[in-house]
Structures are given as structure tokens and as C-alpha cells.
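Input: a single structure, listed below in C-alpha cells.
Bear in mind these aren't lab numbers, they're just calculated from the coordinates by the rules spelled out. What you see is a predicted model, and the numbers here were worked out from it, not measured in a lab. Note that we place each Cβ from the backbone using ideal geometry, even for glycine, and neighbour counts take in every protein chain shown.
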Amino acid sequence: MIRKVTDIFKEKKKTYSFEFFPPKTPAGVAKLYETIAELNKLGPDFASVTYGAGGSTRGTTLEICAEIQKRFNLTCMHHFTCVGHSQAELKSILDLMKQNNVKNVLALRGDPPQGVEKWEPAADGIEYCYQLCGLIRSYDGYFSIGVAGFPEGHVNCPDKETDSKYLKIKIDHGGEFVVTQLFFDNSIYFEYLERIKKAGVNVRVLPGILPVTSYQGLLKFCNTCGATIPKKVHDIFKPLDGNDEATYKAGVDFTVKQCQELIDGGAPGLHFFTLNKVNPTKDIWDKLKK
């Protein structure tokens, strides 16, 4: 049965979920469903599907969410941004989600399309995530609403305290839980929980987990999203650069340790950024003592 993520939370103290992104080709989509079929055997509580910059994958994201639910009976959360959409378009997409039994949304401001240096809201559009949360909430509780969290502070925020205040605004306008950006130092996550608690945020905060499979890929990914790579991570993976097998093994070992520390420390679950691959997520999952 397809459920709201918040209802799943009421029954489970800890949840485990997988994130996917929409492939660009039909062959890629077919391969994605093969991947999901394998990962679904692990018994995740829900999945999520990302939304391209400027809404570039709007149709594909919804199609994949709906198909995941139909094919695998797995609750799916639709990432959803306000960048590039008018309010009328946003409402029409939400209407389509309802028609396709998609009950969960991760509300995001989103990034502008690639190459757009100065972004302005679309005509009759909205500018901030909290406004999108309010729009989704206007659907009389049909949707469960998640929002993004940034343990190190959003790259465009002047300081962490301001970032915490912005998160509180998103929660006040309808956000019901948080999925964090990736991080590699668990102390950053636990400090984040304390910081946002002081700001009045008392919702479930799921840590986002990115397994390391490539040192160069890690550098590129973190440079894009603004996440810090601690010295201990450089020390592990830089000497292995170019050795795929050794990097993979070290990545699994590092992530298992990171995840176990988070769970032991009271984290309410884990949200894995799978990069549309069965492994290393499956290998990590199998080694965890959940």
C-alpha cells in the first residue's frame, strides 16, 4: 500500500530509503527499474526521485515515481522545485501527482537551468521554498512534505544561524521532515540537530549518505554542492585515486562505519544517494547492524 512518509514515521523509529535520478534515455530508465528491483529486495521504507534543474525532468520524475509505486508497491517521494514554474504550472503538476497516487513531495527551491547566471522567478511564480511548502499544504493534507537540510549551512546563506532560521520558516509553512545534504563528518550532523533545535525545529532529520566510489568524482560532486571533504577522507581516498577496486572497498568500509555511528548516535534512519546503482549501496546495507 502506498503511504505518506509521515505515516511510516509514526510506526517506525528508523527508516531506510533510496534516492534515484531520472535517466536521460529509455534504455537508462529500463536499467533504473532493474536497479530498483534489486534494491527493493532489501525492504526500504520508501524511495525518492530527483527533479532536474529548472524543472528539466518534470515529466520523467513523475512517470518514474508513479511506475515505482505501481511496479514495486514502494512508496515514492517526488522531488519538486519552484524554479522555472508559474504557480499555475506548479498546481497542475501537483494535480498530476494526485492523479497518479503520489503522496509525498520533497519541496525545494531548486537550481536554475544550467548556463543561467541570474535567475528570476517565472511570471506568477514563487521564489522561495517556504512558499512552495505553503502551496503544497493548501491541498488539505493530501501530501506529506519533506524539505532539504544543510548541516554545514546552505552555500548562499551568510551563516549557520541564518540557515537554521530559514529551515524553521520552511517547517512553519508546511515542511514535516528534513532530508540532509551529504556530509562525511558525523559531528556536523549532530551539531546541526542541536542548532536547529535551538531555532525551534523539532521534526525528523534524515541524514543523506553518499558512498564514495571515486576520488575525482567526490571532488567534483562536493565542489558543485558545497559540501566539505574532511582531511580524513582525503587521506583515505587520495592515495587510492585511479585504483577502482581499492577505492570501492575503502568507500564501503568508510560508509558502513559512518552509517553505524549515525544509527548508534540516534539518527532516525538513513537516506542513500544511490546514483542509480545497486552497489555499493547493497554492500553497505548488508554490512550494517541495523
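Among 211-224, 63-76, how do they line up from the highest to the lowest mean number of other beta-carbon atoms within 10 Å?
Top of the packing list down: 63-76, 211-224.
Please go through the residue pairs 10/287; 197/277; 170/232 and name each one whose alpha carbons sit more than 32 Å apart in this structure. Beyond 32 Å: 197/277; 170/232. The GNM of the chain, with springs linking C-alpha atoms under 10 angstrom apart, assigns the highest mean-square fluctuation among 151, 26, 268 to 26. For residue 238 and residue 42, the difference between the fully extended length at 0.36 nm per residue and the C-alpha to C-alpha distance is 67.4 nm.
Within the shell of other residues whose beta carbon sits under 13 angstrom from the beta carbon of residue 1, the net charge comes to +1, with Lys and Arg scored +1 and Asp and Glu -1.
Sorting 38-44, 167-173, 275-281 by their mean Cβ neighbour count within 10 Å, with the most densely packed peptide first, gives 167-173, 275-281, 38-44. Would you mind telling me which residue in 231, 91, 103 has the biggest mean-square fluctuation in a Gaussian network model of the chain, where springs connect alpha carbons within a distance under 10 angstrom? Of the options given, 231 has the highest mean-square fluctuation. If you take all other residues with their beta carbon under 10 Å from the beta carbon of residue 268, and give Lys and Arg +1 and Asp and Glu -1, the sum is +4.
Using only side-chain charges placed at the Cβ, +1 for Lys and Arg and -1 for Asp and Glu, the dipole size of the chain relative to its Cα centre rounds to 680 debye. Each other residue within a Cβ distance under 10 Å of residue 179 adds +1 if Lys or Arg and -1 if Asp or Glu, for a net charge of 0. One decimal place: the segment residue 187-residue 140 gains 13.2 nm when fully extended, by the rule 0.36 nm per residue minus the C-alpha distance. Once C-alpha pairs closer than 8 Å and six or more residues apart are averaged by separation and normalised to the residue number of the stretch 113-238, the relative contact order reads 23 percent.
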